[in-house]
Amino acid sequence: MKKLLFTLAIVGLAFIVNAQPPAGDAKVGEWYGEKVTTDGPVALT
């Protein structure tokens, strides 16, 4: 049982270490997706 947990911990750590940041550089003022406007709000009722 200890070997299984140790193996799962190592595999999980490998996935975390290999995580990559999103492609491209996020620059100040850049927009991704549609811009949100306050035109035409919808009532909740």
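Laboratory data are not the source of any read-out in this text; all were calculated from the coordinates shown. All figures in this text were calculated on a predicted structure; none of them were measured in a lab. Positions of Cβ are backbone-derived with ideal geometry, glycine not excepted, and every protein chain shown enters the neighbour counts.
For first residues located in the stretch 31-42 and loosely packed, with under 10 Cβ neighbours inside 10 Å, partners that are in a loop (DSSP other than H, G, I, E, B) and lie 6+ apart or on another chain with Cβ distances below 6 Å do not occur.
Inspect all residues belonging to the stretch 4-19 and state whether any of them is of a type in the set (Phe, Trp, Tyr) and assigned to a helix (DSSP H, G or I).
Yes; the residues of the stretch 4-19 include at least one that is of a type in the set (Phe, Trp, Tyr) and assigned to a helix (DSSP H, G or I).
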